[in-house]
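Taking it in order: structure first as structure tokens, then the write-up.
The values are calculated or read from the model by the stated rules, or taken from the named source; none is laboratory data. As the structure is a prediction and not an experimental result, all values here were calculated from the model. Virtual Cβ from ideal backbone geometry, glycine too; neighbours counted across all protein chains shown.
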Amino acid sequence: MVEVSDLVCEDRVHRRLYTESDIFVTEMERIFERTWVFIGHESEVPEPGDYRTTFIGRQPVILSRHTDGHVYVLLNRCMHRGALVCRQEAGNTTVFRCMYHGWMYNTCGALVAVPFPGGYGDDFRREDYGLRMAPRVGSYRGFVFASLQPEGESLEDHLGIARSYMDLIVDAAPAGTLSVRSGVQRYTYPANWKLQIENLLDGYHPNFTHQIAFEISERRRGTSGRKGNTEGSGATARSFGRGHGALHYSAVQRYRWDEAQGATAEYRRAVEHTLGPKRAAEVLGADVQLFVFPNLFFQNARQHFRVIRPVAVDRTEVCAYPYTLDGAPEELGRQQVKGLAWWASAAAFGQPDDLEAFVRCQEGLQVTSAEWVLFARGTHRERLVEGEIIGDVTDEVPQRGFYREWKRRMVDPTKHG
Ligand code: FES
Ligand SMILES: [Fe+2]
């Protein structure tokens, strides 16, 4: 067993967290296979027979809408000899037919046909060989989560304060729901998964890592003097328990809902009509980056969420899904999808800068004479406000929160569902 308690201190973590395969395996068992993990959005599987495949940690799963209208999370593993029963990323079907010997399962996982059944005795009962299911499935504002643990805290308790941030993001849709049907930007990189998570909550790096991208962006817009990621700007970095965290740029309004992004008066009126002026101002003024432990990230200013999938200790896949706001003008959605491609696709202006940083960290962390990775920034100026630990946007507040939860779950997994 890997001894992990000495590898995470309040203001630093050990390099072994990024380089050791044993620790990676333990993370999958104690974090991903025990906690609530985001699976997909309900709008991705609107009709009976719709499905899409993904993973909980290393384990392949299928999110499927059955004819009873319910959503199921099925383990994608044939009960005959173990092959995936669904090899497609998404689609619509009445049955999942295993490519190996043709066993067929319906969209709620029941085994409905076995070729040449005479080869099995009279005591073979198809109902004993349905696909395994995630024992717990829950949904919040259309976002479906599942847990491989039969017992444990509810999804609502797990999300905690993150729910109010999800509300802020989803309430921007005049109809109160999002749609996730605009494709995906996918990238992989040869470095540890936690480097991406640290980075999504890192308000310290952008002015340096993305200097050129910002210059190009400002030239296109005809603006200058980007605000936000400087110390003392008024933007904040936050942590609010169970590893969740956020960067809150609402006070500096970087580029949310400007006219160039198609936020028309018609759209604003629709939001005000739905929410009333006070909540509408809050929602339209929101510029937040939210991380939901262990692997879901939202950036509402670039209208998308990302799912971080750990593949190996030094290999990670990230999928960025643009979403559109139901009830908002189509032009707004088109602009946002384009904006995401410009910044966060594998060949875009922003994301490759971060990937370069992750790969360089993975290389640098091979040095054994320097053991610690430092997350001490802003420790002296944290403050606690209504359950949120808040610091300057350039402080490492959310990273400290992430590693507190990481340690809690890695050290004593039996206590946490
Ligand atoms: S492994 Fe699926 S039918 Fe044999
Ligand atoms: Fe970045």
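Among the numbered conditions (1) at pLDDT 95 or above; (2) surrounded by 16 or more Cβ atoms within 10 Å (Cβ to Cβ); (3) among the small types (G, A, S), tell me where S182 comes up short.
(1)
Of these, G183, G138, G152, which one is more than 16 Å from ligand 1 (Cβ to nearest atom), out of contact with any strand residue (DSSP E or B) (no Cβ under 6 Å at 6 or more places or on another chain) and over 30 Å from L355 (Cα atoms)? Steps first, answer last, please.
Numbers: G183 fails: over 30 Å from L355 (Cα atoms); G138 fails: out of contact with any strand residue (DSSP E or B) (no Cβ under 6 Å at 6 or more places or on another chain).
Residue meeting the stated conditions: G152.
Within the set of pairs 6 or more residues apart or between chains, which connect a residue that is assigned by TED's automatic domain parsing to the domain that holds T54 inside segment 79-91 to a residue that is away from ligand 1 (no atom under 12 Å from the Cβ) and at pLDDT below 95 with Cβ atoms less than 9 Å apart?
E89/V184
Here is a check on your reading of the model: is R30 outside any helix (DSSP H, G or I), touching a residue at least 12 places away in the same chain (Cβ under 8 Å), outside the structural domain of V311 (by TED's automatic domain parsing) and within 22 Å of F291 (Cα to Cα)? Can you show your working first?
Details: outside any helix (DSSP H, G or I): no; touching a residue at least 12 places away in the same chain (Cβ under 8 Å): yes; outside the structural domain of V311 (by TED's automatic domain parsing): yes; within 22 Å of F291 (Cα to Cα): yes.
Criteria not met by R30.
Just one of the numbered conditions (1) within 15 Å of ligand 2 (Cβ to nearest atom); (2) surrounded by 12 or more Cβ atoms within 10 Å (Cβ to Cβ) is not true of I212; which one?
(2)
Step by step: first the residues of segment 59-90, then only those that are small (G, A, S) and over 15 Å from I39 (Cα atoms), then the one that is farthest from ligand 1 (Cβ to nearest atom). Which residue is that?
In this case the residue turns out to be G69.
Is it true that some residue in segment 381-389 is under 19 Å from A286 (Cβ atoms) and without any contact (Cβ under 8 Å) to a residue 12 or more places away in the chain?
Keep residues of segment 381-389 that are under 19 Å from A286 (Cβ atoms), which gives 385-388.
From what's left, without any contact (Cβ under 8 Å) to a residue 12 or more places away in the chain: 385-386.
Yes, there is a match, as at least one residue in segment 381-389 is under 19 Å from A286 (Cβ atoms) and without any contact (Cβ under 8 Å) to a residue 12 or more places away in the chain.
Being within 14 Å of ligand 2 (Cβ to nearest atom) and more than 16 Å from F305 (Cα to Cα) is the filter here, so list the residues in segment 326-359 that pass it.
Listed by number, the residues that qualify are A348, F349, P352, D353, D354, L355, E356, A357, F358, V359.
Condition (residue is under 27 Å from V359 (Cα atoms) and assigned to a strand (DSSP E or B)) applied to segment 321-330: is it met by at least one residue? Quick ask: steps written out before the conclusion?
Kept after step one, since they are under 27 Å from V359 (Cα atoms), are these residues of segment 321-330: 321-322.
Checking which are assigned to a strand (DSSP E or B) leaves us with 321-322.
Yes, that holds for at least one residue.
Can you tell me how many residues within segment 227-281 are among the β-branched types (V, I, T), buried (at least 18 other Cβ atoms within 10 Å of the Cβ) and modelled with pLDDT of 95 or more?
Of the residues in segment 227-281, 1 are among the β-branched types (V, I, T), buried (at least 18 other Cβ atoms within 10 Å of the Cβ) and modelled with pLDDT of 95 or more.
Against the definition (within 16 Å of ligand 1 (Cβ to nearest atom), modelled with pLDDT of 95 or more and buried (at least 18 other Cβ atoms within 10 Å of the Cβ)), how does L159 come out, yes or no?
For L159, the condition - within 16 Å of ligand 1 (Cβ to nearest atom), modelled with pLDDT of 95 or more and buried (at least 18 other Cβ atoms within 10 Å of the Cβ) - is not met.
Among the residues of segment 92-123, write down those that are at positive phi and either within 12 Å of ligand 1 (Cβ to nearest atom) or exposed (fewer than 15 other Cβ atoms within 10 Å of the Cβ) (or both).
Of everything in segment 92-123, those that are at positive phi and either within 12 Å of ligand 1 (Cβ to nearest atom) or exposed (fewer than 15 other Cβ atoms within 10 Å of the Cβ) (or both) turn out to be G102, F116.
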